[in-house]
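Beneath this line is the structure, given in structure tokens, with notes to follow.
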Amino acid sequence: MFLKTPLHLFILLSLVFFFLPASHAANTSTDPAPGIDLIQNGSFKEGLAILEEYVKSNSTNPEAWNSIGYALNNLGRFRDAIPPLENATRLEPNHTIAWTNMGWAYNELGDYEKALEALETATRTGPDNKYAWSTKGYSLIRTGALTEAISVLNKALELDANFSDAWNNLGWAYAEDKRYDEAVEALSKATSLDPENGYAWNNFGRILYLTGRTEEARDALYNATQTKPEFDQGWYNLGNVLYAMKSYNESIEAYRKAVQLNPDNQIARENLEILEKLFI
């Protein structure tokens, strides 16, 4: 039985960019600090509401615009994030984090040319910005420029050898270049540095599966689904591995979970339908 697999097996961990601490103030219409603090602490909707009110009368603060764009990225509203990030970079052309957030948004929109333009500026204005280098590496992988991607990701790791996200992307780049041993090493590093990095566990599981280490792949993908349970690709990949191990009922459950999380995951849906006809 042939079960379909996707063209792109590896997914980028969305990067988190932090801002300088800000103190709270009572009047949020004249002080962006409460909104920035909320966004920094992960309360994206609440912080966004404050900052959107703030910029109505204070439209020249690049940090406020950058924070709005960052919050929108985290809420999955990538197209909406572009205008505020353009405002931030227009007001402060050397704002490396705003350029990085813009590159992130364009990556998610699939516009890798514009992403690379933004990230080239991000790395030029902030050569010590590890997030910019890692995100640029992702863009380069997407465009097939694997040699340059590996070089750029190594630059991120020169800045921070313990940067799990960069190790994750480097493992993806090596895998795309069919350098599987190096991919395994990089992804092992990513997961050891951050055991909660669900995307890295997913990538690690995929490469272990591709290299015939099926039981290790299953364990890695269990970790992926435990640390990132809302990520449908982790469940889909787990379904593939469980199917290969002839654990058909568990495979069905994994595919079913993938489809529940993402009804547009057509490959998981087709595999689920095949197995349900055979085993239910």
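Remarks
- Distance violations [Cα-Cα > 19 Å] among 155/228; 228/257; 178/257; 178/246: 155/228; 178/257; 178/246
- The alpha-carbon of residue 114 sits under 16 angstrom from the alpha-carbons of these aspartates and glutamates, leaving out residues fewer than 8 places away in its chain: 80, 86.
- Of the trypsin sites (Lys or Arg not before Pro) in the range 202-280, those whose Cβ has at most 10 other Cβ within 10 Å and which sit in DSSP loop: 246
- Cβ crowding within 10 Å averaged over residues, with 161-169, 111-119 ranked highest first: 161-169, 111-119
- Prolate/oblate/rounded call for the range 40-121, Cα gyration tensor, a/c under 1.5 rounded: oblate
- Ranked for footprinting exposure by Cβ neighbours inside 10 Å, fewest first, 172, 65 give 65, 172.
- Relative contact order of the range 36-146, defined on C-alpha pairs under 8 angstrom at six or more residues apart (%): 18
- Mean Cα-pair separation over length for the chain, i.e. relative contact order, pairs under 8 Å, 6 or more apart, %: 11
- Comparing Cα centroids, the range 100-119 and the range 69-84 end up 12 angstrom apart.
- Least to most buried among 264, 232 (fewest other Cβ within 10 Å first): 264, 232
- Overall form of the range 106-161 per C-alpha gyration tensor (a/c, 1.5; a/b vs b/c): oblate
- Expressed in Å, the radius of gyration and Dmax of the Cα atoms of the chain are 20.3, 64.
- Sparse-neighbour loop sites [trypsin sites (Lys or Arg not before Pro); the range 38-103; at most 10 other C-beta within 10 Å; DSSP]: 56
- Cross-link reach list, aspartates and glutamates versus residue 56, counting only Cα pairs under 14 Å and skipping chain neighbours closer than eight places: 31
Here, each number is a calculation from the coordinates, and none is a lab measurement. From a predicted model like this one, the values you see are computed outputs, not experimental measurements. Methodologically, a virtual Cβ is constructed for each residue, glycine included, from the backbone with ideal geometry; neighbour enumeration extends over all protein chains shown.
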